[in-house]
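Scroll down for the structure; my scribbles are underneath it.
The values are calculated or read from the model by the stated rules, or taken from the named source; none is laboratory data. All figures in this text were calculated on a predicted structure; none of them were measured in a lab. Glycine gets a Cβ as well: all are built from the backbone with ideal geometry, and neighbour counts include every protein chain shown.
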Amino acid sequence: MSSVIRGLGYVVVDSADLDAWESFATDIFGMAVSERTDDLLRLRIDDKCYRIEIRKADTDGVNTIGWEVAGAAQLEEVAARLEALGYAVKREDPKIAYAERLVSGLIAFDDPDGTRVEVFWGFKEDKSVFVSPTGARFVTGSGGMGHIFQLVTDDKAFEKLYFDGLGFKFSDYIDFGPVAATFTHCNPRHHSMAFAAVPGVPAGLGHIMLEVDDIDVVGRAYHKVFEEKKAPLAMTLGRHSNDDMISFYTRTPSGFQIEFGTGGLLIDDSEWLPPRFDVPSFWGHVRVNPAEADVLDT
């Protein structure tokens with residue numbers, strides 16, 4: 001089954017502190033503000049009008065995950081696949097889709113753990129050129145905005161959703177003792193979606209990965225977190241085993257993490273033979289808080 005999903009398009013985040021998010025995103029990572037009100041903050045990393053949207057709320061966390069397709073026909077194809085699997089799919093009015101998300105068409109459903117997932121097409125591009133306040137150049141394009149790692153309650157249910165419903169392809173496994181994390185792709189990026197069921201750990205989004213094209217940009221951001229303490233460091237600089245990414249992790253004002261890295265592996269499906277790993281990193285990626293060692297931040 002082929003994937004009609006082209007990549008991760010956007011995430012919508014709930015936060016009680018938009019000011020903290022603005023300084024966190026712009027000063028450390030070089031994102032740019034595209035829109036700011038008392039209740040809304042939209043952040044750019046490329047030509048799209050936003051990639052991360054933060055909405056003022058009493059709670060903190062990822063509210064919505066948005067996946068992009070090429071057009072209306074592909075959107076309906078995904079809707080039909082999901083309905084065949086038993087998902088209740090809501091087809092949003094195009095006017096609401098544009099007003100709320102700046103997209104031409106949108107469907108929505110809840111994943112097996114209750115997170116809202118949207119699939120859309122026709123993402124608005126900003127009329128102005130993206131200019132990073134730190135000079136960062138983000139790797140997006142055909143690979144989407146990055147990847148997500150999600151802690152889930154039932155990995156088989158998520159395999160069914162992402163492989164059968166959304167048409168993702170298998171990249172590889174990483175074993176953490178009795179737990180295996182599953183990595184999947186829908187474009188040449190090694191993975192756009194990864195997930196694992198960890199006994200005793202609540203379901204929820206673990207991290208969002210953003211990639212840049214220069215190790216010095218990663219290093220400068222790392223310095224701001226590690227040396228200047230501008231955000232809580234979650235894992236030190238390191239290199240992952242399966243996607244080759246050199247990255248570090250920091251905790252966002254909403255509690256989940258951002259992985260910031262460079263040099264991610266690209267997959268050619270005509271030649272890819274999925275490997276298996278028993279370590280998440282070849283070096284580094286040491287957790288700052290050892291109590292979090294049972295949470296897979298990979």
Open item on the list: Condition (residue is in contact (Cβ under 8 Å) with a residue 40 or more places away in the chain, touching a Ser or Thr at 6+ places or on another chain (Cβ under 7 Å) and crowded, with 16+ Cβ neighbours inside 10 Å) applied to the stretch 16-25: is it met by at least one residue?
Closed with: yes
Open item on the list: With the requirement that a residue be in contact (Cβ under 8 Å) with a residue 40 or more places away in the chain and crowded, with 17+ Cβ neighbours inside 10 Å, what does the stretch 177-187 give you?
Closed with: ALA181, PHE183, HIS185, CYS186, ASN187
- [ ] Would you be able to say whether some residue in the stretch 257-274 is in a strand (DSSP E or B) and farther than 25 Å from GLY141 by Cβ?
- [x] no
- [ ] Tell me, yes or no, whether the stretch 188-209 has at least one residue that is out of contact with any Phe, Trp or Tyr (no Cβ under 8 Å at 6 or more places or on another chain), surrounded by 22 or more Cβ atoms within 10 Å (Cβ to Cβ) and touching a residue at least 12 places away in the same chain (Cβ under 8 Å).
- [x] yes
TODO: Residue by residue through the stretch 130-167, note down the ones that are touching a residue at least 60 places away in the same chain (Cβ under 8 Å) and of a type in the set (A, V, I, L, M, F, W, C).
DONE: PHE130, VAL131, ALA136, PHE138, VAL139, MET145, ILE148, PHE149, LEU151, LEU161, PHE163, LEU166
TODO: Only residues that are assigned to a loop (DSSP other than H, G, I, E, B) and of a type in the set (Lys, Arg): list them for the stretch 130-178, please.
DONE: ARG137
Open item on the list: For the stretch 20-108, give me every one of the strands (runs of 3 or more DSSP E) that falls completely inside it and has 3 or more residues that are under 17 Å from the mean Cα position of the chain (by Cα) and under 24 Å from ARG251 (Cβ atoms).
Closed with: 40-44, 52-56, 61-68
Open item on the list: Among the numbered criteria (1) part of a helix (DSSP H, G or I); (2) modelled with pLDDT under 95, which one does GLY200 miss?
Closed with: (1)
- [ ] Take ASP164 and decide whether it is more than 14 Å from the chain's Cα centre (by Cα) and either under 28 Å from SER23 (Cβ atoms) or assigned by TED's automatic domain parsing to the domain that holds ALA73 (or both).
- [x] no
Task: Checklist (1) under 16 Å from the mean Cα position of the chain (by Cα); (2) in contact (Cβ under 8 Å) with a residue 40 or more places away in the chain; (3) closer than 18 Å to PRO275 by Cβ applied to PHE170, failing item - done: (1)
